[in-house]
Amino acid sequence: MTEHIPFFDGHNDFLLRLMFTAEQRDEVWLGNAGKGHLDLARMKQAGFAGGLFAIFVPPISGGPPPDFAALMANPPYDLPMPPQMTHAEAQPMAMTMAGLMHWMERVAPDDFKVCRTATQVRSAMSKDIIAGVMHMEGAEAIGPDLDALYLFYDMGLRSLGPVWSRPTIFGEGVPMKFPGSPDVGGGLTEKGKDLVRLCNELGILVDLSHMNEAGFDDVAKISTAPLVATHSNAYDLSESPRNLTDRQLAQIRETKGMVGFNYATFYINKDGTSADDMGWEPLIRHMDYLIAHLGEDHVGLGSDFDGCIVPKLIGDVTGVPGFLAALSAHGYDNSLLTKLARDNWLDCLDRGLGEDDVA
């Protein structure tokens with residue numbers, strides 16, 4: 001039965017939501033079923049066995065991010081790129097979210113663990129403990145000397161996207177635009193190249209989601225690790241710069257990398273709208289396409305929960321078993337479903353993370 005398949009999710013923004021509701025953090029994490037996309041009870045109910053938890057510093061420090069859903073509701077649109085943020089501006093919020101992730105473990109040690117290695121992830125999941133892997137979406141909090149990367153690594157950081165959809169000292173992100181191409185802007189800066197090399201050295205995955213085409217190609221040339229896009233879809237099916245072209249998919253496949261399928265309606269709908277009343281067919285079409293271009297061993301889930309509008313049929317984390325059931329009805333057998341739900345991500349972590357810690 002698909003509802004019993006535990007799944008690993010490649011991207012969520014729960015830490016950002018938790019930070020903005022810090023006064024109610026016990027309720028948000030431990031008890032507010034029905035609000036947002038995630039909380040501990042619904043994750044356990046749905047079979048959420050682990051995932052990458054993003055540290056994301058929004059464009060406006062000190063307040064909620066802009067209402068991108070409203071700004072992107074009616075294509076075509078071309079939003080101005082948010083300004084570059086300094087590490088001095090970004091670090092306080094990034095540290096807060098890192099601390100909140102450790103707080104999540106502290107208040108629910110039997111249900112959640114911050115994991116630093118693939119072995120730890122597998123061990124936690126075998127005990128029905130949710131395996132949380134710290135991720136950073138946009139490396140603004142890492143200064144030009146890269147010293148902060150060592151600190152975040154010691155806190156558990158094991159996946160990092162050098163850019164979000166704005167420029168950093170490391171490279172350029174793609175704009176919030178539809179229709180639009182990822183072939184926009186320059187590649188990695190010299191500091192960006194150094195960042196990729198240090199991530200490889202430490203055993204931190206480099207996430208290509210949000211990166212423009214030139215930056216993607218630079219990472220592909222430099223990195224010795226599998227290429228990973230934690231939450232992106234197929235450009236041929238929805239012409240958003242956030243989605244991946246066939247050429248990019250081929251590069252990821254060549255490195256035995258990974259793509260996490262993003263539930264955001266903007267990146268699923270052919271017309272780029274936020275409409276969430278779709279059936280399962282558009283989601284299945286993207287999944288079929290990704291498997292056709294990447295192979296069945298290099299595709300997984302990358303929900304973008306608590307960071308996007310998701311289809312009503314999914315709704316929140318408790319809707320993921322329904323999606324797996326729809327894939328089953330479409331013809332995916334249990335072996336393939338298990339790969340997509342969990343095993344492909346675990347194998348990618350085996351290939352991309354170090355194993356220098358005690359499990």
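Key figures
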item: Count of residues meeting criterion [modelled with pLDDT of 85 or more and either of a type outside the set (F, W, Y) or surrounded by fewer than 15 Cβ atoms within 10 Å (Cβ to Cβ) (or both)] in the range 52-69; result: 6
item: Matching residues, the range 292-304, being touching a helix residue (DSSP H, G or I) at 6+ places or on another chain (Cβ under 8 Å) and either over 20 Å from L52 (Cα atoms) or assigned to a loop (DSSP other than H, G, I, E, B) (or both); result: H293, L294, G295, E296, D297, H298, S303
item: Hits in the range 117-158 - residues which are acidic (D, E) and more than 23 Å from V107 (Cβ to Cβ); result: E137, E140, D145, D147
item: Residue among E239, E140, E190 that alone is at pLDDT 95 or above and under 19 Å from the mean Cα position of the chain (by Cα); result: E140
item: Breaking point among (1) touching a Leu at 6+ places or on another chain (Cβ under 7 Å); (2) surrounded by fewer than 21 Cβ atoms within 10 Å (Cβ to Cβ); (3) under 27 Å from P179 (Cα atoms), for G315; result: (1)
item: Qualifying positions in the range 265-283 - within 19 Å of the chain's Cα centre (by Cα) and not in a loop (DSSP other than H, G, I, E, B); result: T265, F266, Y267, L283
item: From the options G34, G99, residue that is in a loop (DSSP other than H, G, I, E, B) and either surrounded by fewer than 19 Cβ atoms within 10 Å (Cβ to Cβ) or modelled with pLDDT of 90 or more (or both); result: G34
item: First in the range 20-33 and in contact (Cβ under 8 Å) with a residue 60 or more places away in the chain, second anywhere and part of a helix (DSSP H, G or I), Cβ under 6 Å, 6 or more apart; result: R25/L18; W29/L40; W29/M104; L30/L40
item: Residues within the range 320-359 that are within 24 Å of P226 (Cβ to Cβ), free of Cβ contacts under 8 Å to residues at least 40 places away in the same chain and of a type in the set (G, A, S), tallied; result: 1
item: Some residue of the range 305-325 being assigned to a loop (DSSP other than H, G, I, E, B) and either more than 30 Å from N32 (Cα to Cα) or basic (K, R) (or both); result: yes
item: Failed item in (1) free of Cβ contacts under 8 Å to residues at least 24 places away in the same chain; (2) under 16 Å from N200 (Cα atoms), with D145 passing the rest; result: (2)
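The values are calculated or read from the model by the stated rules, or taken from the named source; none is laboratory data. Because the structure is a prediction, the values reported are computed rather than measured. All Cβ positions, even for glycine, are placed from backbone atoms using ideal geometry, and neighbour counts span all protein chains on display.
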